[in-house]
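The values are calculated or read from the model by the stated rules, or taken from the named source; none is laboratory data. Everything numeric in this text was worked out from a predicted model, so none of it was measured. Every residue, glycine as well, gets a Cβ built from its backbone with ideal geometry; the counts of neighbours run over all protein chains shown.
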Amino acid sequence: MTEILILFLAGLFLPLFPLSMGFNWLLGRMQSPVLRALALLLWPQAGLLLISQLEFAVPDWFLLLALASSGFYAFRALALRDVGEWSGFLATSSWAFLWIPIHAGTAIMNVQLYALGFSVPLVLLAFLGAGLERRFGAACTGLYGGLAESIPRFSTILVLVVLAIIATPLFPAFFIMLVTITQAMSVMPAIAAGIAVVWLLWSWAGALLLQGLVTGTPDDSRPADLHTGAILGYALILVLLLVAGIAGMGVLS
Amino acid sequence: MEKIILLVPLIPLLSALLTQLLFPRMGRQAARISVIGSLLTFLFAVATLWLVLAVPGSYGVHLFDTSALLLLDPLSSLMATVIAGISLIVHIYSLRYMAEETGYARFFILLDLMTTSLLVMVAAGDLLTLLVAWHLIGVLLYFLLGQNTRDKSAWRYAFWTKITYRIGDMPLVIAAVLLYQAYDTWSLPIIFEQLMAAPEAHKVLGLRLPDVVAALIAFSAFARSAQFFVHTWLPYTMSGPTPVSALMHAGIVNAGGFVINRFAPVFMQSSDVLHWVFIVGLFTAVVGSMLMLTQNDIKKSLGYSTMGQMGFMIMECGIGAFSLAIYHLIAHGLFKGTMFLGAGSVINSARKSDYVPKEDLYTFIVERRPARQRLPWLTMAAVTLAVPVFILVSTHWLISQDYFQKQSAVVLLFFGWITGAQLIFSSYQMGTRNIRRMVILAIVSFAVVVLGYTLISHAFDLFLYPDPVFREQLYAAADIDIIWFDALIVLVTLIIIFGWFITFLADRDGGRKKRYASNLWLMFYALTSREFYLPHLYTLMTRRLLKIAERLNVWMRWI
């Protein structure tokens with residue numbers, strides 16, 4: 001009974017539909033970027049802590065549920081305009097995949113690193129979203145646009161962060177996705193193909209988000225661009241992510 | 001010495017970093033760093049080619065003691081030289097062409113990163129490195145095409161490119177994972193060695209592994225090389241800067257032909273995949289050329305011309321002529337790159353004269369020129385059909401006597417014959433007073449092209465695939481049953497001759513058609529000029545999907 005309760009709670013923290021709605025509801029209620037960042041960072045780690053208490057293997061059908069949940073949120077992310085909601089949906093979609101390495105018996109510490117690989121760029125996006133709200137009153141695509149011209153340094157960081165979220169090489173998420181597909185292939189090739197399709201949906205959602213913010217003609221307002229300290233901070237984390245990705249590539253091979 | 005292959009992609013990467021770092025101090029002069037980097041890259045790429053020519057073989061070099069492997073072999077050195085050369089020209093051209101544009105430094109940085117990715121892709125010796133480079137090319141192309149951030153339409157079509165490339169990435173990822181699971185390594189040389197030793201050793205869902213992997217790689221190649229159904233991105237990406245179009249048509253879209261060559265041992269061990277590759281390539285070549293002729297937008301027309309050429313390149317792979325596909329992609333890359341970079345001059349000169357040929361009646365009455373000579377049609381028909389056959393057969397016989405034993409050779413000769421006949425036929429249509437001179441010139445130029453093409457493709461065959469047994473097996477993998485083959489050749493010949501006969505009749509009747517034929521022709525023209533409504537269909541599907549996603553979000557209260 002306790003085991004089933006743990007599995008149920010893990011389904012809440014490594015979001016599986018419909019439990020995933022809880023996380024997205026909670027994230028939507030958080031106004032402070034620090035709180036949002038903490039939630040994005042710690043939510044899956046709590047799930048992994050619970051999983052480490054489990055004494056039986058995760059059933060096969062959990063993988064199908066994980067794929068369905070991930071695909072559902074990735075697909076719905078295509079129609080989102082709010083940056084906060086977008087990061088919540090992408091978080092749900094990517095964390096659901098953590099069930100695959102768990103099912104394959106990957107050491108829990110490695111899965112925790114995978115969760116970090118997914119979460120850290122989302123944390124950066126939470127802060128960037130707060131930056132957009134400060135400058136324009138809302139972090140929403142299609143409202144203002146033209147950020148590439150009006151705040152070029154901000155948009156460069158935004159582009160890189162979104163690329164990291166949608167698992168572009170050489171960011172860690174790219175290699176995590178490769179590991180996930182490899183592990184899924186040994187269980188059921190159809191799941192591996194499904195993961196590849198979800199990955200494609202992420203790229204689509206990422207492109208729509210960027211095009212709604214970065215491109216277009218800027219309006220007359222003159223928002224302040226990122227200051228040097230902030231750029232260095234973001235750049236440092238992005239470089240660390242790249243280094244982690246390259247190191248991950250080494251581990252993978 | 002083989003470590004020189006590491007420098008080739010590393011130099012543009014360093015140049016991108018330097019351009020980024022020095023731009024605030026040097027301003028637009030920082031772009032010259034990028035050009036110098038390109039020049040050095042080209043020189044080192046030439047050095048790798050020279051090295052492989054001097055000491056033939058394949059060498060693997062690990063990237064900074066990591067597991068990433070770069071190969072120095074004939075294919076990588078040749079492709080690296082071509083890519084570095086085209087990149088250098090594009091860099092030099094862009095110095096002034098992009099001078100008035102915003103994002104000048106960003107453009108050169110992206111160009112350098114694209115060059116790095118392309119060079120890593122052609123030299124990748126393991127599946128991980130190949131996947132990384134393959135994926136990055138799509139991402140970088142997206143940003144290069146969207147260089148003008150104000151241009152919504154450029155971004156829209158850049159997105160089409162990106163999503164098609166991502167669709168093409170998926171099968172390559174699955175193929176890589178399948179190979180890794182079967183052979184427990186990402187290294188391409190080891191995988192190929194084990195695959196050649198025991199091709200039947202592994203199965204996927206009851207199917208032979210080489211068949212599944214070859215099919216997946218072929219699909220990836222189709223998406224990257226704009227084959228029919230995944231081609232719509234190519235003609236619409238002209239909103240990007242001209243140098244990017246040149247680089248894309250000359251160096252990026254060819255990746256399909258390259259990847260099929262890289263996985264040649266897999267295709268060699270597959271059973272029917274090459275036949276499907278041939279059919280897709282042939283269909284794309286025909287449809288691409290047809291769409292090219294019906295477009296009234298010159299840029300779209302150029303895009304469809306590339307699509308047709310890519311179809312031809314893929315078709316060459318489908319008949320086992322892998323090295324010929326590489327020669328084709330290089331030749332096409334150079335001429336298409338020249339066309340794009342020379343587009344500005346053509347537009348300038350077109351402002352002075354439209355070069356539209358005048359009607360015969362006009363030149364005869366107004367300009368008082370003598371009427372065009374007419375030659376006996378029977379003589380000209382014989383010349384049209386026989387001369388190309390004679391040139392093609394004698395040229396190939398000079399190079400290799402056993403050439404005609406291969407089915408692929410017969411297919412290529414067949415295409416050569418059609419092309420030659422079409423060329424001579426077209427020369428009669430040209431408004432010249434000395435038709436004999438024109439025909440002789442057409443025949444001589446055809447002979448020179450065929451001789452050059454045959455000699456160079458033979459040299460490419462020996463250089464890229466030096467092992468004669470491997471070469472033979474590659475051609476044999478594409479062979480089909482001889483009765484079917486002969487029947488197909490006869491059928492296609494009859495179709496072509498029928499087409500020429502129809503053209504002759506139409507020409508004789510001065511373009512007049514019967515009512516039903518005219519209506520049918522109009523319908524067909526409307527369909528082709530609207531690109532078979534495929535872009536509309538894809539747009540409609542995209543909108544529907546977005547609508548469904550939106551509806552779902554409303555139902556689920558956005559959580």
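Structural remarks
- Number of the exception - residue A:137 against (1) on the phi > 0 side of the Ramachandran plot; (2) facing another protein chain (nearest Cβ under 10 Å); (3) without any contact (Cβ under 8 Å) to a residue 40 or more places away in the chain: (2)
- Residues within region A:22-48 that are in contact with a Ser or Thr (Cβ under 9 Å, 6 or more places away or on another chain) and under 12 Å from residue A:92 (Cβ atoms), tallied: 6
- Subset tally (residues that are within 14 Å of another protein chain (Cβ to nearest Cβ) and within 22 Å of residue B:329 (Cα to Cα)) for region B:92-111: 0
- Among the conditions (1) assigned to a loop (DSSP other than H, G, I, E, B); (2) more than 10 Å from chain A (Cβ to nearest Cβ), the only one that residue B:185 does not satisfy is (2).
- Candidate set: region B:437-471, residues that are surrounded by fewer than 16 Cβ atoms within 10 Å (Cβ to Cβ) and of a type outside the set (A, V, I, L, M, F, W, C); chosen: the one modelled with the lowest pLDDT: B:437
- Between B:142, B:180, the distinction of being in contact with a Leu (Cβ under 7 Å, 6 or more places away or on another chain) and assigned to a helix (DSSP H, G or I) belongs to B:180 only.
- Comparison of B:45, B:99, B:68, B:80 shows that the only residue that is crowded, with 21+ Cβ neighbours inside 10 Å, within 28 Å of residue A:159 (Cα to Cα) and not basic (Lys, Arg) is B:68.
- Those residues of region B:207-218 which are more than 15 Å from the chain's Cα centre (by Cα), in a helix (DSSP H, G or I) and in contact (Cβ under 8 Å) with a residue 40 or more places away in the chain, in sequence order: B:210, B:211, B:213, B:214, B:215, B:216, B:217
Here's the yes/no breakdown for (1) within 17 Å of residue B:118 (Cβ to Cβ); (2) outside any helix (DSSP H, G or I); (3) assigned by TED's automatic domain parsing to the domain that holds residue B:462:
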site: B:5; (1), (2), (3): yes, no, no
site: B:17; (1), (2), (3): no, no, no
site: B:22; (1), (2), (3): no, no, no
site: B:31; (1), (2), (3): no, no, no
site: B:38; (1), (2), (3): yes, no, no
site: B:47; (1), (2), (3): no, no, no
site: B:60; (1), (2), (3): no, yes, no
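- Answer from A:189, A:218, A:172 - the residue that is buried (at least 21 other Cβ atoms within 10 Å of the Cβ) and at negative phi: A:172
- Pairs are defined by a Cβ separation below 7 Å, a sequence spacing of at least 6 or placement on different chains, a first member in region B:149-177 that is at the interface with chain A (Cβ under 7 Å from one of its Cβ atoms), and a second member that is surrounded by fewer than 24 Cβ atoms within 10 Å (Cβ to Cβ) and of a type in the set (D, E, K, R); the pairs so defined are B:149/A:149.
- Any chance residue B:31 is surrounded by 17 or more Cβ atoms within 10 Å (Cβ to Cβ), under 30 Å from the mean Cα position of the chain (by Cα) and farther than 28 Å from residue B:131 by Cβ: yes
- Checking each residue in region B:112-132 for being more than 8 Å from chain A (Cβ to nearest Cβ) and either of a type outside the set (A, V, I, L, M, F, W, C) or touching a Ser or Thr at 6+ places or on another chain (Cβ under 7 Å) (or both) picks out B:112, B:115, B:116, B:117, B:120, B:122, B:123, B:125, B:129.
- The lone exception for residue B:146 - which of (1) within 12 Å of chain A (Cβ to nearest Cβ); (2) free of Cβ contacts under 8 Å to residues at least 60 places away in the same chain it fails: (2)
- Helices (runs of 4 or more DSSP H) within region B:450-559 that include 3 or more residues within 14 Å of chain A (Cβ to nearest Cβ): B:534-555
- For region A:16-45, the set of residues classified as aliphatic (A, V, I, L, M), surrounded by fewer than 16 Cβ atoms within 10 Å (Cβ to Cβ) and under 20 Å from residue A:100 (Cα atoms) consists of A:42 only.
- Check on residue B:226, more than 8 Å from every other protein chain (Cβ to nearest Cβ) and in a loop (DSSP other than H, G, I, E, B): yes
- Residue in region B:214-223 that is over 30 Å from residue B:147 (Cβ atoms), surrounded by fewer than 21 Cβ atoms within 10 Å (Cβ to Cβ) and modelled with pLDDT of 95 or more present: yes
- Taken as a whole, region B:196-206 holds at least one residue that is at the interface with chain A (Cβ under 10 Å from one of its Cβ atoms) and either surrounded by fewer than 22 Cβ atoms within 10 Å (Cβ to Cβ) or in a helix (DSSP H, G or I) (or both).
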